[in-house]
Amino acid sequence: MLTKEYRICMPLTVEEYRIGQLYMISKHSHEQSTDGEGIEVVINEPYEDPIHGKGQYTEKRVYLNSKLPAWVRGFIPKIFYIVEKAWNYYPYTITEYTCSFLPKFHIRIETKFENDNGCNLKVFDDKAVPLEDTCYLDIAYDDLPEGYYKKSEDLTLFRSEKTGRGPLERGWRKVFQPIMCSYKRVAVRFDVYGFQTRVENFVHKNIRDILLAGHRQAVAWIDEWYGMSLEDVRQYERRLQEQTNQKVKCKTQSTGGTTGDSLLPINGGKPLMNRSTSWNTASDTDSCLATSCPAEPKSRPRIPSAPK
(Lines give C-alpha, C1' and ligand atoms only; values in the text may rest on other atoms or scores of the structure.)
Protein backbone atom coordinates (compact mmCIF):
# COMPACT_ATOMS: atom_id res chain seq x y z
CA MET A 1 0.00 0.00 0.00
CA LEU A 2 1.28 3.46 -0.92
CA THR A 3 0.04 6.41 1.15
CA LYS A 4 0.59 10.07 0.33
CA GLU A 5 -0.78 13.29 1.74
CA TYR A 6 -1.85 16.07 -0.61
CA ARG A 7 -2.32 19.65 0.54
CA ILE A 8 -4.25 21.94 -1.78
CA CYS A 9 -4.83 25.57 -0.79
CA MET A 10 -7.65 27.68 -2.21
CA PRO A 11 -8.60 31.39 -1.85
CA LEU A 12 -11.78 30.43 0.00
CA THR A 13 -13.02 29.79 3.52
CA VAL A 14 -13.95 26.31 4.72
CA GLU A 15 -17.60 27.40 4.99
CA GLU A 16 -17.61 28.76 1.44
CA TYR A 17 -16.07 25.58 0.07
CA ARG A 18 -18.84 23.49 1.57
CA ILE A 19 -21.07 24.98 -1.15
CA GLY A 20 -18.36 25.14 -3.81
CA GLN A 21 -17.40 21.49 -3.37
CA LEU A 22 -20.97 20.21 -3.83
CA TYR A 23 -21.48 22.45 -6.86
CA MET A 24 -18.17 21.46 -8.46
CA ILE A 25 -18.72 17.72 -8.00
CA SER A 26 -22.25 17.84 -9.46
CA LYS A 27 -21.23 19.92 -12.46
CA HIS A 28 -18.07 17.89 -13.10
CA SER A 29 -19.97 14.61 -12.92
CA HIS A 30 -22.55 15.90 -15.37
CA GLU A 31 -19.89 17.15 -17.81
CA GLN A 32 -17.95 13.87 -17.68
CA SER A 33 -20.99 11.66 -18.27
CA THR A 34 -22.13 10.63 -21.75
CA ASP A 35 -24.59 8.06 -23.07
CA GLY A 36 -23.84 4.90 -21.13
CA GLU A 37 -20.65 6.16 -19.46
CA GLY A 38 -19.88 8.37 -16.51
CA ILE A 39 -21.22 8.59 -12.98
CA GLU A 40 -24.56 7.16 -11.84
CA VAL A 41 -25.73 8.20 -8.37
CA VAL A 42 -27.33 5.19 -6.69
CA ILE A 43 -27.74 6.47 -3.12
CA ASN A 44 -27.63 10.02 -1.76
CA GLU A 45 -29.13 10.29 1.70
CA PRO A 46 -28.51 11.59 5.24
CA TYR A 47 -26.36 9.36 7.41
CA GLU A 48 -25.38 9.47 11.07
CA ASP A 49 -22.20 8.02 12.53
CA PRO A 50 -21.72 7.40 16.26
CA ILE A 51 -18.33 9.11 16.17
CA HIS A 52 -18.59 11.79 13.50
CA GLY A 53 -22.25 12.67 13.90
CA LYS A 54 -24.65 13.66 11.13
CA GLY A 55 -23.52 13.67 7.52
CA GLN A 56 -24.40 12.57 4.00
CA TYR A 57 -23.80 9.14 2.49
CA THR A 58 -23.51 8.69 -1.27
CA GLU A 59 -22.91 5.64 -3.38
CA LYS A 60 -22.11 5.88 -7.06
CA ARG A 61 -21.19 3.70 -10.00
CA VAL A 62 -18.51 5.01 -12.31
CA TYR A 63 -18.79 3.39 -15.75
CA LEU A 64 -15.43 3.23 -17.51
CA ASN A 65 -15.50 0.60 -20.23
CA SER A 66 -14.45 2.77 -23.17
CA LYS A 67 -11.59 4.28 -21.18
CA LEU A 68 -9.93 0.90 -20.75
CA PRO A 69 -7.33 -0.60 -23.10
CA ALA A 70 -8.71 -2.94 -25.77
CA TRP A 71 -6.90 -5.94 -24.34
CA VAL A 72 -8.63 -5.39 -20.97
CA ARG A 73 -12.09 -4.92 -22.49
CA GLY A 74 -11.76 -8.37 -24.03
CA PHE A 75 -12.12 -10.21 -20.70
CA ILE A 76 -14.13 -7.92 -18.44
CA PRO A 77 -17.96 -7.70 -18.24
CA LYS A 78 -19.64 -5.65 -20.95
CA ILE A 79 -20.79 -3.14 -18.36
CA PHE A 80 -17.81 -2.39 -16.14
CA TYR A 81 -17.90 0.05 -13.27
CA ILE A 82 -16.13 1.12 -10.11
CA VAL A 83 -18.09 1.63 -6.89
CA GLU A 84 -17.57 4.88 -5.00
CA LYS A 85 -18.78 5.09 -1.40
CA ALA A 86 -18.50 8.42 0.39
CA TRP A 87 -19.26 9.71 3.87
CA ASN A 88 -19.40 13.49 4.14
CA TYR A 89 -19.21 14.81 7.70
CA TYR A 90 -18.00 18.18 6.53
CA PRO A 91 -15.33 19.38 7.20
CA TYR A 92 -14.20 15.76 7.50
CA THR A 93 -14.88 13.24 4.74
CA ILE A 94 -13.93 9.77 3.54
CA THR A 95 -14.24 8.36 0.03
CA GLU A 96 -13.48 4.78 -1.04
CA TYR A 97 -13.22 3.19 -4.47
CA THR A 98 -13.51 -0.55 -5.05
CA CYS A 99 -14.06 -2.88 -7.97
CA SER A 100 -15.40 -6.40 -7.50
CA PHE A 101 -13.64 -7.44 -10.71
CA LEU A 102 -10.32 -6.41 -9.08
CA PRO A 103 -10.79 -7.31 -5.41
CA LYS A 104 -7.18 -6.52 -4.54
CA PHE A 105 -7.53 -2.91 -5.74
CA HIS A 106 -8.66 -0.25 -3.27
CA ILE A 107 -8.38 3.54 -2.97
CA ARG A 108 -9.22 5.40 0.23
CA ILE A 109 -9.20 9.19 0.50
CA GLU A 110 -9.50 10.80 3.90
CA THR A 111 -10.00 14.59 3.82
CA LYS A 112 -9.98 17.43 6.32
CA PHE A 113 -10.57 21.09 5.53
CA GLU A 114 -9.00 23.85 7.63
CA ASN A 115 -8.72 27.63 7.42
CA ASP A 116 -4.95 27.75 7.03
CA ASN A 117 -2.30 27.59 4.30
CA GLY A 118 -1.36 23.94 4.72
CA CYS A 119 0.84 24.41 7.78
CA ASN A 120 -0.76 21.75 10.01
CA LEU A 121 1.79 18.92 10.07
CA LYS A 122 -0.43 16.44 11.95
CA VAL A 123 -3.86 17.31 10.70
CA PHE A 124 -5.12 13.72 10.99
CA ASP A 125 -4.22 13.48 14.70
CA ASP A 126 -2.01 10.44 14.35
CA LYS A 127 1.38 9.60 12.88
CA ALA A 128 2.30 12.17 10.27
CA VAL A 129 2.95 11.09 6.68
CA PRO A 130 6.72 11.22 5.94
CA LEU A 131 7.84 14.51 4.41
CA GLU A 132 8.83 12.82 1.15
CA ASP A 133 5.24 11.57 0.77
CA THR A 134 3.66 14.98 1.42
CA CYS A 135 2.72 16.90 -1.75
CA TYR A 136 1.85 20.60 -1.76
CA LEU A 137 -0.21 21.43 -4.86
CA ASP A 138 -0.43 24.99 -6.19
CA ILE A 139 -3.71 25.34 -8.10
CA ALA A 140 -2.42 28.41 -9.95
CA TYR A 141 1.18 27.60 -10.89
CA ASP A 142 1.73 23.83 -10.86
CA ASP A 143 1.98 22.16 -14.26
CA LEU A 144 -0.93 19.98 -15.32
CA PRO A 145 -1.69 17.69 -18.27
CA GLU A 146 -2.57 19.56 -21.43
CA GLY A 147 -6.00 17.94 -21.63
CA TYR A 148 -7.04 19.50 -18.32
CA TYR A 149 -6.09 23.08 -19.20
CA LYS A 150 -8.81 25.65 -19.93
CA LYS A 151 -8.04 29.33 -20.21
CA SER A 152 -11.26 30.17 -18.35
CA GLU A 153 -9.97 28.11 -15.39
CA ASP A 154 -6.45 29.58 -15.39
CA LEU A 155 -6.24 31.15 -11.94
CA THR A 156 -3.28 33.34 -12.92
CA LEU A 157 -5.73 35.12 -15.25
CA PHE A 158 -9.11 34.64 -13.56
CA ARG A 159 -10.74 37.33 -11.45
CA SER A 160 -14.04 36.74 -9.69
CA GLU A 161 -16.67 39.38 -10.41
CA LYS A 162 -18.66 38.55 -7.27
CA THR A 163 -15.78 38.42 -4.77
CA GLY A 164 -13.00 40.40 -6.47
CA ARG A 165 -10.54 37.56 -5.77
CA GLY A 166 -7.78 36.86 -8.24
CA PRO A 167 -5.75 36.69 -10.33
CA LEU A 168 -3.39 34.71 -8.08
CA GLU A 169 0.23 35.85 -8.08
CA ARG A 170 3.30 33.76 -7.32
CA GLY A 171 3.64 33.14 -3.58
CA TRP A 172 -0.08 33.77 -3.06
CA ARG A 173 -0.39 31.00 -0.49
CA LYS A 174 1.79 32.95 1.96
CA VAL A 175 -0.15 36.22 1.85
CA PHE A 176 -3.65 35.72 0.38
CA GLN A 177 -6.76 36.09 2.54
CA PRO A 178 -9.05 34.28 2.87
CA ILE A 179 -7.25 30.97 2.48
CA MET A 180 -8.06 27.37 3.32
CA CYS A 181 -6.40 24.02 2.79
CA SER A 182 -7.82 20.72 1.63
CA TYR A 183 -5.74 18.03 3.37
CA LYS A 184 -6.09 14.66 1.67
CA ARG A 185 -4.51 11.44 2.86
CA VAL A 186 -4.71 9.02 -0.06
CA ALA A 187 -3.98 5.30 0.33
CA VAL A 188 -3.76 3.12 -2.80
CA ARG A 189 -3.59 -0.64 -2.45
CA PHE A 190 -3.04 -3.14 -5.25
CA ASP A 191 -1.91 -6.44 -3.75
CA VAL A 192 -0.72 -8.19 -6.87
CA TYR A 193 2.85 -9.42 -6.85
CA GLY A 194 4.98 -7.93 -9.60
CA PHE A 195 2.56 -5.10 -10.35
CA GLN A 196 1.97 -3.48 -6.97
CA THR A 197 4.61 -0.73 -7.02
CA ARG A 198 4.04 0.25 -10.64
CA VAL A 199 0.25 0.40 -10.35
CA GLU A 200 0.19 2.24 -7.01
CA ASN A 201 2.63 4.88 -8.26
CA PHE A 202 0.70 5.25 -11.51
CA VAL A 203 -2.60 5.75 -9.65
CA HIS A 204 -1.06 8.39 -7.38
CA LYS A 205 0.33 10.25 -10.38
CA ASN A 206 -3.16 10.49 -11.85
CA ILE A 207 -4.78 11.37 -8.53
CA ARG A 208 -2.37 14.30 -8.19
CA ASP A 209 -3.39 15.67 -11.59
CA ILE A 210 -7.12 15.18 -10.96
CA LEU A 211 -7.02 16.85 -7.54
CA LEU A 212 -5.18 19.80 -9.05
CA ALA A 213 -7.72 20.21 -11.87
CA GLY A 214 -10.76 19.72 -9.62
CA HIS A 215 -9.74 22.31 -7.05
CA ARG A 216 -8.95 24.80 -9.83
CA GLN A 217 -12.49 24.34 -11.12
CA ALA A 218 -14.04 24.94 -7.70
CA VAL A 219 -12.35 28.35 -7.60
CA ALA A 220 -12.83 29.21 -11.28
CA TRP A 221 -16.58 28.51 -10.99
CA ILE A 222 -16.99 30.64 -7.86
CA ASP A 223 -19.23 33.20 -9.58
CA GLU A 224 -21.66 30.39 -10.41
CA TRP A 225 -22.07 29.10 -6.85
CA TYR A 226 -21.11 32.02 -4.58
CA GLY A 227 -24.15 33.17 -2.60
CA MET A 228 -26.00 29.86 -2.84
CA SER A 229 -27.34 28.37 0.38
CA LEU A 230 -26.86 24.73 1.33
CA GLU A 231 -30.45 24.05 0.29
CA ASP A 232 -29.88 25.83 -3.03
CA VAL A 233 -26.88 23.68 -3.86
CA ARG A 234 -28.66 20.50 -2.72
CA GLN A 235 -31.50 21.29 -5.16
CA TYR A 236 -28.93 21.90 -7.91
CA GLU A 237 -27.27 18.62 -6.96
CA ARG A 238 -30.56 16.69 -7.19
CA ARG A 239 -31.46 18.25 -10.53
CA LEU A 240 -28.11 17.43 -12.14
CA GLN A 241 -28.11 14.00 -10.51
CA GLU A 242 -31.34 13.12 -12.33
CA GLN A 243 -30.01 14.45 -15.64
CA THR A 244 -26.68 12.66 -15.22
CA ASN A 245 -28.32 9.34 -14.31
CA GLN A 246 -30.46 9.54 -17.44
CA LYS A 247 -27.38 10.09 -19.60
CA VAL A 248 -25.61 7.10 -18.06
CA LYS A 249 -28.63 4.77 -18.00
CA CYS A 250 -29.45 5.50 -21.63
CA LYS A 251 -26.99 2.86 -22.81
CA THR A 252 -26.50 0.62 -19.76
CA GLN A 253 -30.19 -0.28 -19.60
CA SER A 254 -30.34 -1.09 -23.30
CA THR A 255 -27.40 -3.47 -22.91
CA GLY A 256 -28.74 -5.11 -19.75
CA GLY A 257 -26.33 -3.31 -17.48
CA THR A 258 -28.49 -3.64 -14.40
CA THR A 259 -28.79 -7.41 -14.54
CA GLY A 260 -26.48 -10.12 -15.80
CA ASP A 261 -23.49 -8.00 -16.74
CA SER A 262 -23.47 -5.96 -13.54
CA LEU A 263 -20.76 -6.45 -11.00
CA LEU A 264 -23.16 -5.98 -8.09
CA PRO A 265 -26.56 -7.56 -7.43
CA ILE A 266 -29.45 -5.12 -7.49
CA ASN A 267 -32.33 -4.84 -5.04
CA GLY A 268 -34.82 -2.10 -5.79
CA GLY A 269 -32.15 -0.15 -7.65
CA LYS A 270 -29.69 -0.21 -4.74
CA PRO A 271 -26.56 -2.32 -4.35
CA LEU A 272 -26.58 -4.89 -1.61
CA MET A 273 -23.74 -3.22 0.26
CA ASN A 274 -23.50 -1.94 3.80
CA ARG A 275 -22.67 1.68 4.51
CA SER A 276 -19.67 1.10 6.75
CA THR A 277 -16.18 1.70 5.45
CA SER A 278 -14.27 -1.41 4.54
CA TRP A 279 -11.15 -0.13 6.33
CA ASN A 280 -12.99 0.10 9.65
CA THR A 281 -13.09 3.88 9.95
CA ALA A 282 -15.99 6.10 9.51
CA SER A 283 -16.35 10.79 4.43
CA ASP A 284 -15.00 14.68 0.06
CA THR A 285 -16.74 12.90 -2.66
CA ASP A 286 -14.02 12.46 -5.27
CA SER A 287 -16.12 11.23 -8.14
CA CYS A 288 -13.88 12.88 -10.70
CA LEU A 289 -11.03 10.51 -9.81
CA ALA A 290 -12.48 7.51 -11.60
CA THR A 291 -13.94 9.22 -14.63
CA SER A 292 -10.79 11.12 -15.45
CA CYS A 293 -8.20 8.39 -14.95
CA PRO A 294 -6.40 7.36 -18.17
CA ALA A 295 -6.66 3.77 -19.28
CA GLU A 296 -2.98 2.96 -19.44
CA PRO A 297 0.31 4.64 -18.54
CA LYS A 298 1.69 6.68 -21.38
CA SER A 299 3.60 9.88 -21.91
CA ARG A 300 1.30 12.89 -21.72
CA PRO A 301 2.23 16.44 -22.69
CA ARG A 302 2.07 18.84 -19.78
CA ILE A 303 1.78 22.59 -19.90
CA PRO A 304 2.39 25.25 -17.27
CA SER A 305 -0.72 26.64 -15.61
CA ALA A 306 0.42 30.15 -16.47
CA PRO A 307 1.31 30.83 -20.11
CA LYS A 308 4.88 31.96 -20.43
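The values are calculated or read from the model by the stated rules, or taken from the named source; none is laboratory data. What you are looking at is a predicted structure, and each value in this text was computed from that prediction instead of being measured. Please note: Cβ atoms are built from the backbone with ideal geometry, for glycine as well, and neighbour counts cover all protein chains shown. Only protein heavy atoms, including side chains, enter the accessible area calculation; ligands, DNA and RNA are left aside. Shrake-Rupley method; radii C 1.70, N 1.55, O 1.52, S 1.80 Å.
Using a 1.4 Å probe and ignoring any ligands, DNA or RNA, find the accessible area of residue 226 and quote it in Å² to the nearest 10.
Counting only protein heavy atoms, residue 226 exposes about 80 Å² to solvent.
Which ³J(HN,Hα) values in Hz, rounded to whole numbers, follow from the phi angles of the range 136-147 under the Karplus curve 6.51 cos²θ - 1.76 cosθ + 1.60, where θ = phi - 60° and Gly and Pro get x?
Result, rounded to whole Hz: 8, 9, 9, 5, 9, 10, 6, 5, 9, x, 4, x.
What are the ³J(HN,Hα) couplings of the range 36-51, residue after residue, when phi is run through the Karplus curve with 6.51, -1.76, 1.60 and θ = phi - 60°? Round to Hz, x for glycine and proline.
Each residue's phi maps through the Karplus curve to give x, 9, x, 10, 9, 7, 9, 9, 8, 8, x, 8, 10, 10, x, 9 Hz.
What's the extension gain from residue 48 to residue 195 if we count 0.36 nm per residue and subtract their Cα-Cα distance?
The residue 48-residue 195 span can extend by a further 49.1 nm.
Probe radius 1.4 Å, ligands and nucleic acids left out: which of 175, 248 has the largest accessible area, and how do the rest follow?
Of 175, 248, the descending order of accessible area is 175, 248.
Top to bottom by accessible area (1.4 Å), largest first, where do 9, 135, 119 land?
The ordering from most to least exposed comes out as 119, 135, 9.
How would the range 2-249 be classified by its alpha-carbon gyration tensor: rounded, prolate or oblate, with rounded meaning a/c under 1.5 and the a/b versus b/c comparison settling the rest?
rounded
Quickly work out the residue 160-to-residue 3 label distance, labels modelled 7 Å from Cα along the C-beta direction, and quote it in nm with one decimal.
In this crude spin-label approximation the distance works out to 3.3 nm.
Round to the nearest 10 and report in Å² the accessible area of residue 28, as given by a 1.4 Å probe over the protein chains' heavy atoms.
20
Could you rank 7, 165, 170 by how accessible they are, 1.4 Å probe, largest area first?
Order by accessible area, largest first: 170, 165, 7.
Probe of 1.4 angstrom, ligands and nucleic acids ignored: what's the accessible area per residue over the range 2-249, in square angstrom?
In whole numbers, the range 2-249 has 45 Å² accessible per residue.
Report the gain in length on full extension from residue 136 to residue 205: 0.36 nm times residue separation, minus Cα-Cα distance, nm rounded to one decimal.
Here the answer is 23.5 nm.
Could you please state how large a percent of the accessible area of the range 2-249 is carbon and sulfur, counting protein chains only and using a 1.4 Å probe?
52
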